[in-house]
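Engineer: Let me begin by handing over the structure; questions about it come next.
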Amino acid sequence: MLVVNVKENESIDKALKRFKKKFEKTGVLRELRSRTFFTKPSVKRRGEIIKAQYKQKMRDLENK
C-alpha cells in the first residue's frame with residue numbers, strides 16, 4: 001500500500017502528484033493491462049525480439 005505523507009502547508013495537488021508518481025513507478029497499472037488478455041509465449045517472444053532489434057538499430061545509428 002502506498003503512503004504519501006502530506007507535509008505542513010503543502011497543497012493537495014502536490015501531494016496527489018507525488019502519489020501518482022509513486023503509483024506509476026510500482027507498475028501496477030502496466031501489470032493489470034498486460035493481464036487483461038492472454039498472449040501466447042511465442043508471440044511474446046517474437047515481440048521481445050522485435051524490440052531488441054529496434055533498440056540495437058537505434059544504438060548503431062547513435063554510434064555512427
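Engineer: Here are some residues: 46, 33. Which one is surrounded by 10 or more Cβ atoms within 10 Å (Cβ to Cβ) and assigned to a helix (DSSP H, G or I)?
Structural biologist: Just one listed residue meets the conditions, 46.
Engineer: With the requirement that a residue be surrounded by 10 or more Cβ atoms within 10 Å (Cβ to Cβ) and among the charged types (D, E, K, R), what does region 20-30 give you?
Structural biologist: 20, 21, 22, 24, 30
Engineer: Which residue pairs have Cβ atoms under 6 Å apart, sit 6 or more places apart or on different chains, and have a first residue in region 11-26 that is more than 19 Å from residue 1 (Cβ to Cβ) and a second that is of a type in the set (Ser, Thr, Tyr)?
Structural biologist: Close Cβ pairs (under 6 Å, with a partner that is of a type in the set (Ser, Thr, Tyr)) do not exist here.
Engineer: Any chance you could count how many residues in region 1-17 are open to solvent by 80 Å² or more (accessible area, probe 1.4 Å) and either among the acidic types (Asp, Glu) or not in a loop (DSSP other than H, G, I, E, B) (or both)? Before the answer, list the steps.
Structural biologist: So the first thing to find is which residues in region 1-17 are open to solvent by 80 Å² or more (accessible area, probe 1.4 Å), and the list is 1, 3, 5-9, 12-14, 16-17.
Still in the running and either among the acidic types (Asp, Glu) or not in a loop (DSSP other than H, G, I, E, B) (or both): 8, 12-14, 16-17.
Number satisfying all stated conditions: 6.
The values are calculated or read from the model by the stated rules, or taken from the named source; none is laboratory data. Note that the structure is predicted; figures quoted are calculated from it, not measured. Here the Cβ is made from the backbone with ideal geometry for all residues, glycine too, and neighbour counts use every protein chain on show. When the accessible area is computed, the model is the full protein with side chains, heavy atoms only, and any ligands, DNA or RNA have been set aside. Shrake-Rupley method; radii C 1.70, N 1.55, O 1.52, S 1.80 Å.
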